[in-house]
Amino acid sequence: MFTSRVLSSLQDVFHIEQGGNSHHNMRGLWWPVAHQLLKQTARVTLPRRFLPEARRRFYKNVTVAGNGGIYEVNLDLHKLKTPKGHTLQIPNYGLALAVAQEWAASKDKIVPSLMHLTGLSYTVIDNPNHETKWDTVHKTLEYLDTDTLLFREESEELNTLQAKEWDPILAWFNQKFDADIKPCAGLFGADIPDPVRETIRRYLLSYDVWAVNGFLYGVEALKSVILTIAAAERKITAEKAAFLSRLELEYQTSHWGSVEWAHDLDKQEVTARFSAALLFIHFNTWQATTKHKAK
């Protein structure tokens, strides 16, 4: 499994084994005429998580301590704390290792905006907006009406490309949720029947609050509920999902060229954010599945 391979890699990096109490080294949018606006603001509307400012690295060693229920990350002899001062307690061994790796990989300066898993964990624990799981799912679903995959361009060549790349994913999504969502050609949002919306809501609510925050973060990055769920269900990879969310931009740059470094930087940032969101979902889903099978 994907998560198992990542966990194994993290264990290799830190040369550790799990067990005991020992230490181990180591938002929403509904704009009826939003399509063009979403494109224009896509790069600047990727929200920052609940993160402090960058600062110099102040620790030498990063360790993970915990047992089968709660894991903590230690910087030297100090427990890692959230911006609100809560001890960062992660109910997932693999995720704790991944967070620890983000801190271990920081060299001279700690840049919180690049530590996506840490930021997501902070958000779940501190809950700065005082949101319930239902609130987070509701914010996620608000992106469905303006989902990237539901808007098609008038250009025949680009429209053909979108149909080729997007239609199989949309067909899979419709089959999974017993829906008949169709792309829209205008600037108005797609017609999502209430029963379909509620089915997707129940699907998202079936995950715990940690995974639900991962879904929202992924949807925010791609502006697509459909692509995020497809990737979470392992229908497509994180890289493919990020590519499909940027299909029009990829098409335009293939014809007109790209702005040196700018397009590549944007592509890498979107891919990194979405990959972190997907990993966050998988770790928490995998943890819940493992506990269930162990009973």
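Could you order 200, 236 by accessible surface area, starting with the largest, using a probe radius of 1.4 Å?
So, going from the largest accessible area down, we get 236, 200.
I want to check the label-to-label distance for residue 60 and residue 175. Put each point 7 Å from Cα in the C-beta direction and report it in nm to one decimal.
My value for the distance between the label points is 5.7 nm.
How big is the accessible area of residue 275 in square angstrom, nearest 10, if you roll a 1.4 angstrom probe over the protein chains?
The accessible area comes out at roughly 40 Å².
Please list, in chain and number order, the residues 5+ apart from residue 184 or on another chain whose amide H is under 5 Å from its amide H, with Hs placed from the backbone.
Excluding prolines and chain starts, which carry no amide H, the hits are 151, 152.
Based on the Cβ-Cβ distance from residue 194 to residue 233, what FRET efficiency comes out when R0 is 35 Å, to the nearest 0.05?
0.95
What is the distance, in nm, between label points placed 7 Å from the Cα along the Cα-to-Cβ direction at residue 205 and at residue 155?
4.2 nm
The values are calculated or read from the model by the stated rules, or taken from the named source; none is laboratory data. Just so we're clear, the structure is a prediction, and the values are computed from it rather than from any experiment. Methodologically, a virtual Cβ is constructed for each residue, glycine included, from the backbone with ideal geometry; neighbour enumeration extends over all protein chains shown. SASA here: full protein model, heavy atoms, side chains in, ligands and nucleic acids out. Shrake-Rupley method; radii C 1.70, N 1.55, O 1.52, S 1.80 Å.
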